[in-house]
1. Could you go through segment 16-23 in sequence order and give the Karplus-derived ³J(HN,Hα) for each residue, using 6.51 cos²θ - 1.76 cosθ + 1.60 with θ = phi - 60°, rounded to whole Hz, and x for Gly and Pro?
2. What is the dipole size for the chain, taken about its Cα centre, with +1 at each Lys and Arg Cβ and -1 at each Asp and Glu Cβ, in debye to the nearest 20?
3. Looking only at Q116, Q27, Q217, which one moves most when the chain is put into a Gaussian network model with springs between Cα atoms under 10 Å?
4. How would you classify segment 119-175 from its alpha-carbon gyration tensor, with a ≥ b ≥ c the square roots of the eigenvalues: rounded for a/c under 1.5, else prolate if a/b is greater than b/c, otherwise oblate?
5. Please work out the Cα center distance from segment 218-237 to segment 1-42, rounded to the nearest Å.
6. For the residues H161, H79, what sequence is obtained by ranking on other C-beta atoms within 10 Å, fewest first?
7. Most mobile of L190, L219, L35 per a Gaussian network model of the chain (Cα springs, under 10 Å)?
8. Report the gain in length on full extension from A154 to H218: 0.36 nm times residue separation, minus Cα-Cα distance, nm rounded to one decimal.
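The numbers here are math on the coordinates, done by the rules we state, and not lab data. All figures in this text were calculated on a predicted structure; none of them were measured in a lab. Here the Cβ is made from the backbone with ideal geometry for all residues, glycine too, and neighbour counts use every protein chain on show.
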Amino acid sequence: MKNSPLPIMAIHGSASSGALWRNLSRQCAPWRTVLAPDLRGYNAGVSQRADLHSTLRERARPIIEAIESDRRLTHLVAHSFGGSVALEIIASIPHKIKSLTLFEPVSPALLKVSSQPEDRQLLNDILALSNRVREESGAVGMESFINFWHEAEAWSRLSVHAQERLAQLAPIVYQDFCEAYRVEPEAFSLIDYFAPVTLLMGERTNSHARRMAHLVQHLLPQAGMLTLPEMGHMGPLTHSCEVSKAILNSIQHAENDYVCSAI
């Protein structure tokens, strides 16, 4: 009798929640379990106050504990800032991760350690964005954030309720940046992960996300790269069906398991 498919742990990015992965969960149900927790700070009903002493390792710890509580291996999926969390996870428990699928991982620390002048400029852009999120009012800072990662004028198309909710998240978004930026260079050199890796990238993404994806590919040379058409950095939100299918294809390829292929 064939074993049940391995579970998926899916990590969202900044200013988001585990709900980002609803479509992925629907496409897997009822054959495969998708765990999509809210990162600390994004839990419903929790006060959005930044903990600027927090580290990426502390942010990843509840997810690591959840993965370790299952005797089986886990497929790890992440988007944007969640990609930095995922890198911390594979550095900590590489033996527990069957495969890694990242949609445009955001890791400013990789830009920081790069010797390329172009990467310094990209990093400066992200530093300036994080400073706006920190120093401006919540609404003004998050307008810059949303327009940077989505597209110009994306903020103006949001409902007032959505804008108000995002404005409240500004302190946590800044905390995300601080945690991802403070990763030390030696942390990357300690990553010892050789299982399958897939990097997904939107055709319309900005140069910052594109470059960080390529830097992750350099860090994990076994990684394959797939560009998905008609989407940008927020593809998991705007094109959830297409992104979910691409994620499941990479997972099925990694384990040669097609139980969840009826999508």
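1. 9, 7, x, 4, 3, 9, 4, 5
2. I would put it at about 580 debye.
3. Comparing Q116, Q27, Q217 in a Gaussian network model of the chain, the most mobile one is Q116.
4. Oblate shape, in that a/c is at least 1.5 and b/c is the bigger or equal ratio.
5. 18 Å
6. Exposure proxy ranking, most exposed first: H161, H79.
7. Highest fluctuation of the listed residues: L190.
8. 19.9 nm
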